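Just below is one structure, and these are the notes that go with it.
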Amino acid sequence: MKSAFQVAIALLTLIAAANVNAQDDLAAKAQNERELVIYGTALVGQFEKFSEPFRRRYPFIKTQYTRTTGEALTTKILHEVAARQLGADVVLINNYTHRIFMKRNIITSYTPPNAGNFPPGFIDKQGYWVGFYLVPYAITYNTKLIPKSAAPKSFDDLLSPKWKGQISLEREEYLVTQSHMQYLGHNRAIDYFKRLSRQDLILVNGHSKQAVLLTAGEFPIIVYSDIARTEELKRKGAPIDWVRAEPHITVLVSAAITREAKHPAAARLFMNYLAADEGQKEVLSMDKPPALPKFQPEYLRGVNLYPADWTLSDSYEEYNKTYREIFWKGK
């Protein structure tokens with residue numbers, strides 16, 4: 001009679017064999033499709049690094065990648081859908097936007113074999129998206145203008161009179177502030193945002209431009225800045241650092257397969273690669289934190305991340321109006 005351990009090993013062996021067979025079946029179908037079209041927001045060079053092992057493994061799949069910014073990509077996809085000409089098989093964008101696509105029946109559910117490795121909040125439990133990489137935010141400051149001992153230690157510290165006219169906010173920081181509101185609670189957040197807005201904030205279009213201006217000393221503080229970008233700039237000698245102050249709102253860039261994908265087998269192979277340990281490790285080559293926690297870079301060890309809730313997009317129009325009324329008034 002077999003022991004429980006032997007039965008468990010036998011079951012695991014059967015599951016592993018089934019996964020291999022399924023992967024081989026997808027590969028055979030993808031050989032006939034021969035192409036894979038991906039739309040995303042990651043820079044082309046970053047995506048090329050990430051996808052190189054996938055392309056080596058499946059040289060018969062011609063992978064085409066189209067990159068643009070989040071809002072432009074959303075508009076592009078919605079226009080293509082309206083014209084019944086959606087070209088993408090896979091879309092790489094924040095899960096907040098995937099919520100919009102899901103409600104419009106643009107993406108379909110698919111659960112990769114390694115989906116169980118992702119914690120709640122980093123993969124959709126219904127299978128509509130899988131976490132790709134993280135964009136965690138933190139208060140960030142110029143270390144030449146502010147010594148570490150004098151830097152703000154919390155978001156409440158930003159309300160100090162000494163920081164008036166010294167703080168920058170990205171002009172359209174909708175999602176991150178909406179997530180911050182969810183963290184604080186509606187009434188407390190509205191009060192905080194109104195007080196923050198009276199600090200004569202410096203509104204800047206674009207996080208990249210913000211980081212450049214902070215590094216140059218045009219202002220000493222950014223309310224919400226990408227920790228991964230800060231770490232990358234620090235390695236290059238930029239005089240900036242970030243504050244370990246919660247909440248660290250974390251936007252999740254995720255992957256989803258389109259419902260009308262012309263190359264569904266190739267799309268599933270790509271999703272399997274992205275969700276597997278191999279793919280998540282390769283995210284590090286992009287200078288991005290992987291969605292799978294065990295591969296997070298050292299600078300995020302012990303940091304509590306607060307993933308942005310994709311259901312917030314259900315009320316984005318109402319919230320964005322509130323945001324503009326608070327932060328754009330008189331600007």
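Counting protein heavy atoms only, the chain has 50 percent of its accessible area on carbon and sulfur, 1.4 angstrom probe. Amide H to amide H distances under 5 Å link D241 with Y141, T143, where only residues 5 or more positions off or on other chains count and H is placed in the peptide plane. By the Cα gyration tensor, region 56-142 has an equivalent ellipsoid whose semi-axes, rounded to whole angstrom, run 23, 20, 17 from largest to smallest. Distance from the Cα centroid of region 260-305 to that of region 185-240 is 26 Å (rounded to whole angstrom).
For the chain, the Stokes-Einstein estimate of translational diffusion at 4 °C and a viscosity of 1.567 mPa s comes to 61 µm²/s, using the Kirkwood hydrodynamic radius over alpha-carbon pairs. Rolling a 1.4 angstrom probe over the protein heavy atoms with all chains in place gives the chain an accessible area of 48 Å² per residue. The slack between T68 and E218, meaning 0.36 nm per residue of separation minus the straight C-alpha distance, is 51.3 nm. Taken as entire DSSP H runs, the helices of the chain that both span 27 Å or more between Cα atoms along their own long axis and average -1.0 or more on the Kyte-Doolittle scale are 4-33.
Note down the relative contact order for region 236-316 as a percent, whole number, built from C-alpha pairs under 8 angstrom at least six residues apart. RCO, region 236-316: 40 percent. With R₀ set to 51 Å, the beta-carbon distance separating N304 from N105 gives a calculated FRET efficiency near 0.90. In loop segments of region 178-253 as defined by DSSP, the GluC sites (Glu not before Pro) with at most 15 further C-beta atoms inside 10 Å of their C-beta are E218.
Compared with the alpha-carbon gap, the fully stretched path from R195 to N320 is longer by 43.2 nm at 0.36 nm per residue.
Based solely on its DSSP helices, what 222 nm [θ] is calculated for the chain when runs of n ≥ 4 H residues each add -39,500 (n - 2.57) and the sum is averaged over all residues, nearest 500 deg cm²/dmol? So the calculated ellipticity at 222 nm is -13000 deg cm²/dmol. Both the radius of gyration and Dmax for region 80-222 are 19.3, 57 Å, in that order, over alpha-carbon atoms.
The values are calculated or read from the model by the stated rules, or taken from the named source; none is laboratory data. Remember, predicted model here, so these are calculated numbers, not experimental data. Note that each Cβ is placed from the backbone with ideal geometry, even for glycine, and that neighbours are counted across all protein chains shown. For accessibility, only protein heavy atoms count, side chains too; no ligands or nucleic acids. Shrake-Rupley method; radii C 1.70, N 1.55, O 1.52, S 1.80 Å.
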